[in-house]
């Protein structure tokens with residue numbers, strides 16, 4: 001399924017793994033394009049009735065590939081380099097967010113470690129989120145001089161309230177999984193060896209339900225219309 005991802009399926013459950021741990025599963029133009037292609041193919045696979053997304057290594061996704069600003073000490077120069085992202089990458093990333101949010105089958109993010117920036121937003125787009133104890137989440141965009149996607153930051157405010165959303169987005173604070181569970185942004189927090197069993201448990205329950213009913217219920221909850 002490409003350089004950055006691997007995909008497996010069994011018994012109606014698909015597992016899409018971001019498989020580039022050397023760079024902590026980065027979101028660059030190529031990986032984002034591969035993710036969109038993989039999700040599009042899975043969406044059209046009638047054998048898959050529930051999908052788990054996870055990452056290899058100790059990271060779900062570290063977000064934007066910042067290798068080009070590594071070692072740059074000047075804050076203004078770091079902001080300039082971070083803000084000079086490929087319009088194509090941003091366009092495809094927004095398509096990934098929309099595709100995941102509107103995915104007809106249920107999706108479960110199995111967050112195995114760090115979920116940073118766009119990596120956290122990807123987890124947010126999933127219907128269910130399970131994380132390992134001590135997993136860390138943060139949105140560094142403001143520190144790096146650029147805002148995140150408007151629709152997802154607004155959705156965050158609807159999910160946790162404006163005060164907490166501003167703390168997440170504007171303060172760029174790191175959050176541990178246990179705190180986000182209390183805020184309602186995670187469904188479960190489990191020990192590392194229980195992450196995939198917990199995600200599989202949710203997926204098995206959902207995969208046994210009628211696909212059309214699940215799809216319509218998701219559309220109702222998310223406020224969109226099925227094609």
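The values are calculated or read from the model by the stated rules, or taken from the named source; none is laboratory data. Only a predicted model underlies this, so the values are computations on that prediction, with no experimental measurement involved. Here Cβ is always computed from backbone atoms with ideal geometry, including for glycine, and neighbour counts include all displayed protein chains.
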Of 82, 97, 121, the only residue that is crowded, with 16+ Cβ neighbours inside 10 Å, in a helix (DSSP H, G or I) and at pLDDT below 90 is 82
Note: among 185, 181, 156, just one is under 19 Å from residue 116 (Cβ atoms) and part of a loop (DSSP other than H, G, I, E, B), namely 185
Within the stretch 203-227, residues at pLDDT 90 or above and part of a loop (DSSP other than H, G, I, E, B) come out as 208, 209, 210
How many residues of the stretch 188-208 are under 19 Å from residue 49 (Cβ atoms) and touching a helix residue (DSSP H, G or I) at 6+ places or on another chain (Cβ under 9 Å)? The answer is 1
Residue 200: passes all of (1) within 29 Å of residue 138 (Cα to Cα); (2) part of a helix (DSSP H, G or I); (3) at pLDDT below 95 but (3)
* To do: Please work out if residue 142 is farther than 21 Å from residue 52 by Cα and in a helix (DSSP H, G or I).
  => no
Taking first residues from the stretch 78-105 that are under 14 Å from residue 148 (Cα atoms) and second residues anywhere that are modelled with pLDDT under 65 and assigned to a loop (DSSP other than H, G, I, E, B), the pairs with Cβ under 9 Å that are 6 or more apart or on different chains are 82/66
Taking the stretch 172-200 and keeping residues without any contact (Cβ under 8 Å) to a residue 12 or more places away in the chain and loosely packed, with under 14 Cβ neighbours inside 10 Å leaves 182, 193, 197
Scanning the stretch 20-69 residue by residue, the ones that are over 17 Å from the mean Cα position of the chain (by Cα), farther than 30 Å from residue 213 by Cβ and part of a loop (DSSP other than H, G, I, E, B) total 1
